[in-house]
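Structure, as structure tokens:
Computed from the coordinates by the stated procedures, all read-outs in this text should not be read as laboratory data. Please read all numbers here as calculations on a predicted model, not as lab measurements. Cβ: placed from backbone, ideal geometry, glycine included. Neighbour counts: every protein chain shown.
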Amino acid sequence: MHPKNLLLKNRKQCLYELKEIGFQVGTGFMVGSPFQTIHHIAEDLEFIKALSPHMVGIGPFIPHHDTQFSTFPAGNLELTLFLIGILRLLLPNALIPATTALGTIDPNGREKGILSGANVVMPNLSPVGVRKKYDLYDNKICTGEEAAECRMCLQNRINKIGYQLVVDRGDFCNG
């Protein structure tokens, strides 16, 4: 899904170099993306463990009607949750978002993500009038609960699963 001239080896090296010079880095992947195999997932997990990024974004692939992948099926919720758990074990201090993609494929997907090991819920900070311009996939949730203007709704959902919403910077913690 990347330009042919932007080799995977080069993208990975850039992440290592950015981390080496002091930047917080993140990586991740879409579970169930077109042509992905279990071998690819294992390679991704090995790379993520070796890089030890500050944040790992992982969510199910969801097709978008304007892409060459529009006819591919969406990724699997259960496999995504399992992999969030694996990532939490591999990187105990990493920031792992419970993505809007999880909430899109299951009404309680983000809560399930938190219960599986995710520790970040990011609100949609885009102004309401322009949110549709930034849909990365079809049917992206926009209930208002994931938006900054409805923080209390989000807090109530997180409280229902026994967690507390903390509104801080969310920087990576080394210990």
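With 22 Å as the limit, the listed pairs LYS12/LYS49; LYS4/LYS49; LYS9/LYS112; LYS19/LYS49 have LYS4/LYS49; LYS9/LYS112 beyond it between alpha carbons. For segment 1-93, the set of chymotrypsin sites (Phe, Trp or Tyr not before Pro) satisfying both a DSSP loop assignment and a count of at most 14 other C-beta atoms within 10 Å is given as PHE23, PHE35.
Taking the average, over residues, of other Cβ atoms within 10 Å as the packing measure, peptides 71-80, 158-167 rank 71-80, 158-167 from highest down. For segment 1-110, applying the loop criterion from DSSP together with a ceiling of 11 other beta carbons within 10 Å to the trypsin sites (Lys or Arg not before Pro) yields LYS4. Counting beta carbons within 10 Å around each of ILE114, ILE21, ILE62 and listing the fewest first gives the order ILE21, ILE114, ILE62.
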